[in-house]
Amino acid sequence: MTEQNTSELSPTIQANAAAHAVALLGTPASRGIAFGRVSFLKRQAAPEEKITVNDAQAEVERFTKARTEAIAQLGQLYEASLEKLGEQNAVIFQIHQMMLDDPDYVEQIERLIVTEQCNAEYAVDQVATRFAQMFSNMDNEYMQGRAADVLDVSRRVVQVLLAQKGITSPHQLKKYGNEPLILATDDLAPSETVQLDKDQVVGILTSAGSARSHTVIFARTMGIPAVISMGDALNESLEGQWVIVDGAAGVVYIDPDDELQRHYRERKRTEDALRARLELFRGKETRTLSGRRIHLYANIGSSEDIDLVKASDAEGVGLFRSEYIYLHAKDYPDEESQFKVYREAAQDLEGRKLIIRTMDIGADKTADYFMLKHEENPAMGMRAVRICLAHPEIFKTQLRALLRASAYGDLAIMFPMITSVDEVKGCLKICAEAEDELRSEGIPFNEHMEKGIMIETPAAALISDELAPLVDFFSIGTNDLTQFTLAVDRQNAEVGRFLNPYHHAVIRLLKMTIDNAHSHGIWVGVCGELAADEGFTHKLIELGVDEISVAPSSVLMLRARIATLA
Ligand code: PEP
Ligand code: MG
């Protein structure tokens, strides 16, 4: 067994590992605690060796038949998953159907069969590997996650092809009596995940895998703890070992002693009870005891997180950090590509609110093509609306894309790092120009799209009475507001202990902002990390916030908390 360098482990894990078990570390993928025996997934034995065929055309027809059958199977899987995982998750199987219909994929397989006079199984395997490599090499994490999908659908086609020849050997897990199993494998396909028998498989370990894959999203939705990317530490010598999986910490304890098991059983009882209680709040409105409605939204870093938003039961997106689009691009992203991202996000949210922050480039988020000069203090340098107002052509491209997408959902926009009335007026002016252009081009957009600003500098909070009449809402960014109010660099771990969002100065600015928003008849939310602090929710409610936007994983917990507050 490969033991990991224990210096990589947190102090608690180190202590547990030293005294009570061997600890293996991976990436936390789905929270929760599981106990069981490791069982490696045995897949079909190498069916894809190359065989020369006499009649390539007949082989192409075999492939076509298998592809049609696989598409039909995926349709059944979609229907079966609707109940288990909900529409937003089940849709992956419709996407898989589309993958099997992709002309490029189909054509490459057919061409290989003909040019190499080879069997269909081999051709499917070769092309699937080629596509998976192409996806894995992409910069975009979402596209990297698609590598698992193309391998998954291709494996299905190969299985159908083999079944045509009478070879069937379903995936197998070694059983250990009636003991719960911890499934171990290199990577798990979404279709394999969804077909797991939850009564038998209580945890998942993979040596590879991406935290954004559908497998991980499904594992979370199904409540199965998972640790992924364990590398060589996960090898077959673990077969049959009794382990504890701590999904939140990304740790697997091998052969834990009684004391560690007792500790984890106690934790599991508490967590299960809490989760069951939180589930009661799913599908409910967020209201205080006195019935005051609070809008509970989620923060996301990219459009791929929208699956998580829906799974979390958030009522919308309160902060979409659009700069990720710029960070993933090699040059300024054009209007059309941005429009597609925003439109898809708006459509995927199916009527829920979507507040997109215009790009907050600069400080720790830079892209080479912006050619920003070296700055001593970039957090206080050329960033966000300062760049946008200095380069209106770049800004207008984003605004036109956002406005166009506003025709497809309940989309609002907000401007970050505001410090003055002139900046807000400048942003709104360019926005009005973009609207005029779209009107004269006959391109539809929401004429009443809400426009707000982030309050994340002390200056903005202090003049919030002057800013409120200009906009439809405020969203308070407590991360930057704390940094700038207390003169503490949020990036510098050494001064981390001074970064105190509960400081009276910050609270006073919060109060001032909320009061000024309300006296001018606009709503106000909080989207910094402070919003997710359960111990502070009572204060936010007391101060009068109308909206709270947090990481998807905190949504149900906060809804439950708010329900206990007057
Ligand atoms: C904030 O500053 O609180 C905020 C939400 O924005 P970011 O963390 O992206 O700077
Ligand atoms: Mg900020």
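The values are calculated or read from the model by the stated rules, or taken from the named source; none is laboratory data. Just so it is clear, the structure is predicted and the values come from calculations on it, not from any experiment. So basically every Cβ, Gly included, is an ideal-geometry build from the backbone, and we count neighbours across all protein chains shown. Only protein heavy atoms, including side chains, enter the accessible area calculation; ligands, DNA and RNA are left aside. Shrake-Rupley method; radii C 1.70, N 1.55, O 1.52, S 1.80 Å.
Using a 10 Å cut-off on Cβ atoms, rank the peptides 224-231, 144-151, 125-132 from the highest mean neighbour count down.
Values: 224-231: 24.4, 144-151: 21.5, 125-132: 19.2.
Top to bottom by mean Cβ count within 10 Å: 224-231, 144-151, 125-132.
Helix 335-348 and the longest principal axis of the Cα set of the chain meet at an angle near 80°.
Between the helical axis of 103-116 and the dominant principal axis of the chain, each derived from Cα atoms, what acute angle in degrees is found, rounded to the nearest 10? Tilt relative to the chain: about 30 degrees. Binning the alpha carbon pair distances of the chain at 20 angstrom intervals from zero yields the distribution 18, 47, 31, 4, 0, expressed in whole percent. Projecting the Cα atoms of Cys527, Thr288, Ser440 onto the dipole axis of the chain, where Lys and Arg carry +1 and Asp and Glu carry -1 at the beta carbon, places Thr288 farthest toward the positive end. Nonpolar atom fraction for the chain, defined as the carbon and sulfur part of the 1.4 Å probe accessible area, stands at 51 percent.
Could you tell me which of Tyr502, Ile355, Leu428 has its Cα farthest along the dipole of region 295-562 towards the positive end, charges placed at Cβ (Lys, Arg +1; Asp, Glu -1), taken about the Cα centre? Of the candidates, Tyr502 comes out farthest on the positive side.
Of Lys451, Lys429, the order by accessible heavy-atom surface (1.4 Å probe, DNA, RNA and ligands excluded), from most exposed downward, is Lys429, Lys451. A 1.4 Å probe over all protein chains sorts Tyr142, Tyr324, Tyr105 by accessible area into Tyr142, Tyr324, Tyr105, starting with the largest. For the chain, the longest principal axis of the C-alpha atoms and the axis of helix 392-405 are separated by about 60°. Relative contact order, whole percent, for region 56-164 stands at 31, derived from Cα pairs under 8 Å and 6 or more residues apart. Note on the chain: helix-only mean residue ellipticity at 222 nm, from DSSP H runs of 4+ residues weighted -39500 (n - 2.57) and normalised by residue number, equals -14500 deg cm²/dmol. Distances longer than 31 Å among the Cα atoms of region 295-562: what percent of all pairs is that? Counting pairs separated by more than 31 Å, the tail of P(r) holds 21 percent.
So what is the relative contact order of region 412-455, in percent, for Cα pairs below 8 Å that sit 6 or more residues apart? List each step's numbers first, then the result.
Working: 29 pairs, mean separation 32.3, N = 44.
Here the relative contact order equals 74 percent.
Based on C-alpha pairs under 8 angstrom that are at least 6 apart in sequence, the chain has a relative contact order of 14 percent. When the charge dipole of region 351-469 is built from unit charges on Cβ atoms (+1 for Lys and Arg, -1 for Asp and Glu) and taken about the Cα centre, the candidate among Asn377, Ala407, Ile418 whose Cα reaches farthest toward its positive end is Ala407.
What fraction, in whole percent, of alpha-carbon pairs in region 189-301 exceed 21 Å separation? Percent of Cα pairs beyond 21 Å in region 189-301: 52.
Leu470 sits among other residues whose Cβ lies under 13 Å from its own Cβ, and their net charge, with Lys and Arg +1 and Asp and Glu -1, is -3. Put a plus charge on the Cβ of each Lys and Arg, a minus charge on the Cβ of each Asp and Glu, and nothing anywhere else: the dipole of region 56-164 about its Cα centre is then about 200 debye. Of the trypsin sites (Lys or Arg not before Pro) in region 185-225, which ones lie in a loop per DSSP and count no more than 14 other C-beta atoms within 10 Å? Here the trypsin sites (Lys or Arg not before Pro) that fit, given the DSSP loop and packing criteria, are Lys198.
At R0 = 60 Å, how high is the FRET efficiency between Thr288 and Thr64 if r is their beta carbon distance? Nearest 0.05 is fine. It would help to have the intermediate numbers written out before the result.
On the way: r = 60 Å, r/R0 = 1.00.
Calculated value: 0.50.
Accessible area per residue was computed with a 1.4 Å probe on protein heavy atoms; Met454 scores about 0 Å².
Per residue, how big is the convex hull around the C-alpha atoms of region 56-164? Give it to me in cubic angstrom, could you?
Details: hull volume 9.7 nm³, N = 109.
Once divided by residue count, the hull of region 56-164 is 89 Å³.
Taken per residue, the accessible surface of the chain reaches 44 Å², heavy atoms only and a 1.4 Å probe. Each listed q (0.10, 0.16, 0.22, 0.25 Å⁻¹) maps to a log10 I(q)/I(0) for region 466-554, found by the Debye formula over equal Cα scatterers with no solvent: -0.25, -0.64, -1.10, -1.29.
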